[in-house]
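A short write-up of the structure that comes next.
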Amino acid sequence: MTAFEARELPPFLFFSFLFFSKTTKTTKRLLTANNIKKGVKKKKEKKKKEKKEKKQKEFTCVGMQVPSTSDCVATFKLILVGDGGTGKTTFVKRHLTGEFEKRYVATVGVDVHPLTFHTNRGKICFNCWDTAGQEKFGGLRDGYYIEGQCAIIMFDVTSRNTYKNVPNWHRDITRVCDNIPIVLVGNKVDCADRQVKAKMITFHRKKGLQYYDISAKSNYNFEKPFLWLAKKLANDPNLTLVEAPLLDPNVQPLSAEQLQALQEEARAVENAPLPMGDDE
């Protein structure tokens, strides 16, 4: 009924018509406004979801079952830090070529190396940012840490000073990359003149890090830091390596006595009493 036709109605019906007519128009306007708000909200939520999915796209291959023949590779930025001479570049080259670098050549700035591993959930690649350990390159490091997704802090068990600097490296990383999985590794455990004893290694327990004794020279615990990081990034404790990294077959492995001693050291590391003060 139109307003013109309503004029023929009795007065009380006419005024009722006008009241409900205005109410309906107001309701329609409110419904239209609400629909627009809902549409804008849904659009924002959709964009937010797409952005989140895009950011996490690189995690997809590890987070789902991927056939071993798949070309899908989950890629993560790994930051490798530690004092100069601790063996960072040698450690990386072991994965790249299987060979042990005997000469020490200081890294200038940063070198980036892709390290690929085959797991029971598909391929995973760590883009390893091997940063310079020398103090003169310190001002450049923060830029290298940006968007880091995991990290390895390395010290030399034959040099107490390199372990004393571990808190500094940890602080630098966590200042830029908050809440990422970090592994602390003590390299050169094959050497006889070990200065950093098991009872001294407590920093990782105070900061919630994982620790491994390693030897880039003897391949001891060679793949464990990467496997631990992969499990954390994939949120899968059952993730395993299905193909061993290529290593130099001429490397002299550790003797049974050395392995036993290192296993005892590892147990001692976990049982060492924490110092009263803060490592930092």
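Being within 19 Å of Val92 (Cα to Cα) and either touching a residue at least 40 places away in the same chain (Cβ under 8 Å) or in a helix (DSSP H, G or I) (or both): is that true of Pro167 here?
Values: within 19 Å of Val92 (Cα to Cα): no; either touching a residue at least 40 places away in the same chain (Cβ under 8 Å) or in a helix (DSSP H, G or I) (or both): yes.
Spelling it out, it is not the case that Pro167 is within 19 Å of Val92 (Cα to Cα) and either touching a residue at least 40 places away in the same chain (Cβ under 8 Å) or in a helix (DSSP H, G or I) (or both).
Among helices (runs of 4 or more DSSP H) entirely within region 178-280, having at least 3 residues that are modelled with pLDDT of 90 or more singles out 203-207, 224-234.
Here region 148-164 is the region considered, the condition is being more than 15 Å from Gly87 (Cα to Cα) and not in a loop (DSSP other than H, G, I, E, B), and the residue that is nearest to the chain's Cα centre (by Cα) is Cys150. Go through region 94-120 and report how many residues are buried (at least 16 other Cβ atoms within 10 Å of the Cβ), out of contact with any Ser or Thr (no Cβ under 7 Å at 6 or more places or on another chain) and at pLDDT 85 or above. Number satisfying all stated conditions: 3.
The values are calculated or read from the model by the stated rules, or taken from the named source; none is laboratory data. A quick note: this is a predicted structure, and the numbers were derived from the prediction, not measured. For neighbour counting, all protein chains shown are included, and Cβ atoms are generated from backbone atoms with ideal geometry for every residue, glycine included.
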